[in-house]
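Accompanying notes for the structure given below.
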Amino acid sequence: MRTVGRIVLGGVVAGVVGVAGVGVYNIYDAMAGGSSGTERPDGPLSDAQVTKAASDFLTAWQNGNDQRAAGFTNDAVAALGALTRYREGTHVTKVKLTQGEADGTEVPFTVAAHIDTGEKRSTWTYESSLDVVRGETSGRPLVSWKTSVLHPKLKTSGDTLMTGEAALPSSIKVLDRHGKALDEKDFPSLSPVLASLRKRYATESGGSPAIAIQVNGSPSQVLHILRAGKPGTLRTTVDAKAQRAAEAQVARHEDASVVAVKPSTGEILAIANSARTEFNTALQGQTAPGSTFKIVTAATLLEQGKVTAEKSLPCPKYAAYRQGKSFHNLESGEQLDATFAEDFAASCNTAFVSLADEISDDALAAEAREVFGIGPVWNIGVSSSEGKVPTEGGDEKAAAMIGQGRVQMNALTMASVAATAQSGRFRQPYLVAPSLDHREVATAERALTPAVARQLKSMMRLTATSGTGARAMTGLRGDIGAKTGSAEVDGQGRPDAWFTAYRGDMAAAARVPASGHGGDTAGPVVRAVLGTGG
C-alpha cells in the first residue's frame, strides 16, 4: 500500500506546476514516515527534529528548488513567492548556505549569495536565522516562515530585496559657489538642505550611480554594494564664509533664522536656522514680519504719489482706524514734527496706519506681486514658501500696512524684499542655477520707477545710519540700507524681532522669535552676515 501511495504521489508531483504544488512535499514526507497520518505529533521538538527541519529547508533552498524549500515551511505559498522574488529581484544565481548550531528551536545560518547582473558580479555574505515550529495541522517540524529568514532587514511580508542602480545621497558632493565642500559636520544648519539637494539633483550631479542591493529600493537601506559608482558634484550659490557667520549667529538664539541673497542675481548666499528640524523656518516659515514689511508699504505709497520722502507726516503715540481698533508704536515714541522718511526710519506704526485710506484694499497685494515677486511660486531648488500678502479692508488693511494681520513672510522673502529695494528690480532667489534642471523662475511684472527706487533707498539708508537700525549697522560702509521690525504675536509676551538690510551686493534678513525690538536681537545677526561680503 505504501508503494502504491508513492507511485501515485510521484505522478502528482510530476504534473504539478507553480504554487499549486508547494504543499506536496509535506504530504510525501508524511506518507514516507514523517508521521503515521493518523495521530498529530505534539510536545517539544527534539534537537534532532529542529536540526533536520532546518537542514531540509536550507538544502532545498541551496539547490535552487524553491518549491521544495517552501514545502518545508508552515506557509508554503508565502515562502515560495518570497524565495522567487529573492532570486529574481537580486539577480542571485546560486546560494551557499552554512547551517549553524541550533539554540533551542532557533537555527542560525550563513548565506553566501552569488549575484550576477550581467554588468557586475559579486558574492554577498551575511548572517540570518530561522525558527522551527510544529505545523498547526500536521504537527510536523516545519520552518516558521517569516520574510526575515531571507535577510534580517526584511521586517514585513511586503518587504523585498532589489538589485539595481542606487543614487546614494552620500555619494554626491555639494559645493559652495567657490567650489568648497559643504557638509553637515562643518555646516550643521544646512543638513536638511543638503539632504534635499542630494536627493533632488542625484541625476544632474554628473556622477554614475552605484549598483546595490536595497530593501524596497530605498537608498537609505542599502545592504550590499556591487559597484560603488562615481561621486557626483553639485555646485550651489552658497558662500561658505557667509554661511559660517550665519550659523554662528543663529546658534546664539532659540529658533532664529537668517537668509542672505545677492540682489544683482538672486543667488542665495546663506541659509541658517538654530532649530535642527526638517522644517526649514528660514525658507518655509510663515509669520508676520512686522515693520520690515513697511518697505513694500512705502513703495506702494510712493509709487501711487500718496507721499514723498520729505512730506510732513506726524507720528502720534496712538492711532485709531475705521472700526475703532487702536494702533500704537513699538519701536518709536511720539514725533509730531516728522517727515515720511523720518517715520520710516523711526518705524512709526501710527503714521503708516494713518495712510491706509489713501490706497485701495488690493494695493499692497498688487505691489507685493508686481514689483517684489511675492505671490508667484518660487523654484529655488528646494522647498520654500513665497510669502502671502492678502487683499484686506478695514482694520485688517491698516494692520497689513505695518506687516501685521494676515501678512506672512520668512527670512528668505524679506531678504528678497531688501534685495529688490537695493537693486530696484526683483530677481527670484535660487540655491541651484535654474539652467541645471531647466526649471522656470518667478518674475515680477515691473521694476521700481527710478524716482521711487531712489527715495526708498534713501529712507533705508537713513534707517541704517540714524534710525532704528543704526546701532546694528555700526561700522558698515558703502551702499547700506536697513529696516527693523517688531511683530506682535497673539499669546506671546514679547514681539518677534525682525531685521532686513543690504550692504552693496548682499542683502539679508533675520527673525528671532519673542525677543523684542528688531534692531536689538535680529539686527546683529544680519550685520554679522553682511560683514562677510557686499
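The values are calculated or read from the model by the stated rules, or taken from the named source; none is laboratory data. Values in this document were obtained by computation on a predicted structure and should not be read as measured data. Glycine also receives a Cβ, built like all others from the backbone with ideal geometry; neighbour counts cover every protein chain displayed.
For a quick check of your reading of the model, give me the residue pairs whose first member lies in the stretch 276-295 and is β-branched (Val, Ile, Thr), whose second is buried (at least 23 other Cβ atoms within 10 Å of the Cβ) and part of a loop (DSSP other than H, G, I, E, B), with beta-carbon atoms closer than 7 Å and at least 6 apart or on different chains. These pairs meet every condition: Thr281/Asn410; Thr292/Gly403. In the stretch 508-521, the residues that are on the phi < 0 side of the Ramachandran plot form Cβ pairs under 9 Å with partners that are among the charged types (D, E, K, R) and in a strand (DSSP E or B), at six or more places apart or across chains, as follows: Arg511/Asp496; Val512/Asp496; Pro513/Asp496; Ser515/Asp496; Gly518/Lys483; Gly518/Asp496; Gly518/Arg511. Being more than 23 Å from His224 (Cα to Cα) and either within 45 Å of the chain's Cα centre (by Cα) or not small (Gly, Ala, Ser) (or both): is that true of Val77 here? So Val77 passes the test.
For first residues located in the stretch 360-371 and at pLDDT below 95, partners that are aliphatic (A, V, I, L, M) and lie 6+ apart or on another chain with Cβ distances below 9 Å do not occur. Can you name the residue in the stretch 380-408 that is polar (S, T, N, Q) and closer than 25 Å to Phe340 by Cβ and, of all such residues, is surrounded by the fewest Cβ atoms within 10 Å (Cβ to Cβ)? Only one residue tops the list, namely Thr391.
Lys146 falls short on exactly one of the conditions (1) surrounded by 17 or more Cβ atoms within 10 Å (Cβ to Cβ); (2) under 25 Å from the mean Cα position of the chain (by Cα); (3) not β-branched (Val, Ile, Thr), and that condition is (2). When Val432, Val377, Val417, Val382 are checked against the criterion of being part of a helix (DSSP H, G or I), in the same structural domain as Ala298 (by TED's automatic domain parsing) and aliphatic (A, V, I, L, M), a single residue qualifies: Val417. The residues of the stretch 70-95 that are in contact with a strand residue (DSSP E or B) (Cβ under 8 Å, 6 or more places away or on another chain) and in a loop (DSSP other than H, G, I, E, B), listed by number, are Phe72, Asn74, His91.
Listed by first and then second residue, the pairs linking a residue in the stretch 53-68 that is in the same structural domain as Glu106 (by TED's automatic domain parsing) to a residue that is buried (at least 19 other Cβ atoms within 10 Å of the Cβ) and among the acidic types (Asp, Glu), with Cβ atoms under 8 Å apart and 6 or more places separating them unless they lie on different chains, are Ala60/Asp66.
Selection within the stretch 202-261: residues that are β-branched (Val, Ile, Thr) and more than 28 Å from Thr532 (Cβ to Cβ). The member of this set that is surrounded by the most Cβ atoms within 10 Å (Cβ to Cβ) is Ile213. Looking only at residues that are basic (Lys, Arg) and either modelled with pLDDT of 95 or more or in contact with an Asp or Glu (Cβ under 7 Å, 6 or more places away or on another chain) (or both) in the stretch 162-207, which one is farthest from Tyr86 (Cα to Cα)? Filtering the stretch 162-207 for residues that are basic (Lys, Arg) and either modelled with pLDDT of 95 or more or in contact with an Asp or Glu (Cβ under 7 Å, 6 or more places away or on another chain) (or both), the one farthest from Tyr86 (Cα to Cα) comes out as Arg177.
Just one of the listed residues (Thr110, Thr125, Thr137) is part of a loop (DSSP other than H, G, I, E, B) and polar (S, T, N, Q), and it is Thr137.
Table: residues versus (1) aliphatic (A, V, I, L, M); (2) in a loop (DSSP other than H, G, I, E, B); (3) at pLDDT below 95.
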residue	(1), (2), (3)
Pro263	no, yes, no
Ile271	yes, no, no
Phe279	no, yes, yes
Val307	yes, yes, no
Ala319	yes, no, yes
Arg322	no, yes, yes
Gly333	no, yes, yes
